[in-house]
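For reference, the structure discussed in these notes is given below.
No lab work stands behind these numbers, since they all come straight from the coordinates. Bear in mind that the values here come from a model prediction, so they are computed numbers and not experimental data.
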């Protein structure tokens, strides 16, 4: 679905100016904009940003970076005015609201981009490649554009991750995430897929489906485990391009087919794997689609359609964290009911504890949920 381009308007030396507005998070352009430069103080910038005033930077790029860091420190040190959360569910919603407000405030510091994605500021880095990966190749006919410095830094960071890749020990290689595609940094769920016993039905038909493939990491792992043919599906164009790129890098193009589909491809398979978003909540940006699944849409769709796509004797592997249960957003009983409604029975469940840094961060407002979390691989079959 195409997005109608939006325009940012401001006044410069008494003259009306405008530029194409870029926001991968879908944030609307600010209605109030002023120019800012090396003389702008952090306290003033923070105050204006909190009031909804965007600051279009026309000074030194590195000074803009330092100003953004100073603004972030002021936000993070601001005394909390919210009441103590009565439950983990309330703590979760408070946390998301605070994170959203932080993103809005820091997103008020803006920088210009030329048509070729060069930044017309002193000491600006080369960002053409990073911007091209997110926005598409530069077009000389495209007018000057404006983007938040925070988003531009995200593009640069994503470009570096894409270049160096994420090590996946179970693959013995790296996966290279594209911008806007969730990186497989939480390796415990990959270890579950690497260790679970393969269904015997694969001996007759060595075929597996990977539903919602993302970077293609699980499809690649299944192929590395010896499955002759894997069909990896996704409906996000960036994910499809990313998965295709990774499968090609790994030399698995003859085993893995990456296709566009909403959940299942046609036909049946002895093994169907799905790692849906783990938290039933509304995403606030496209990248959060890999984490938040409104009303558990993907989870429900997978479980409702799994039985009819399983070959006789086949298994469906659902990889799911119970984080949502500890947040009070979904109960274990609700999940088991979805199994029953889908005509599914549980063969076995394999569990693993998270190893990411937040699990040990006692200052995290969601620490109690994180420390209790476990990720499971549910081996399901037709009832």
Rounded to the nearest Å, the spacing of the alpha-carbon centers of the range 158-182 and the range 19-42 is 31
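In the range 6-161, what percentage of the DSSP-assigned beta bridges are antiparallel, given to the nearest 5?
Around 55 percent antiparallel, to the nearest 5.
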Listed residues 210, 361, 141; largest mean-square fluctuation, Gaussian network over the chain with Cα springs below 10 Å, found at 141
Rounded to the nearest 5, the percent of DSSP beta bridges in the range 145-277 running antiparallel is 20
Checked the range 201-270 against the a/c 1.5 cut and the a/b vs b/c comparison, axes a ≥ b ≥ c from its Cα gyration tensor; verdict oblate
Shape descriptor, the range 166-382: equivalent ellipsoid semi-axes (Cα gyration tensor, sqrt 5λ, whole Å, largest first) stand at 25, 21, 16
Relative contact order as a percentage, the chain, C-alpha pairs under 8 Å and 6+ apart, gives 12
The range 216-249 and the range 124-142 have their Cα centres apart by a whole-number Å value of 27
CD proxy, 222 nm, the chain: helix-only mean residue ellipticity via -39,500 (n - 2.57) per DSSP H run with n ≥ 4, per residue, nearest 500, stands at -10500 deg cm²/dmol
If one compares the long axis through the Cα atoms of helix 237-249 with the longest principal axis of the Cα atoms of the chain, the angle in degrees, nearest 10, works out at 70
For the chain, percent of DSSP beta bridges that are antiparallel (nearest 5) comes out at 50
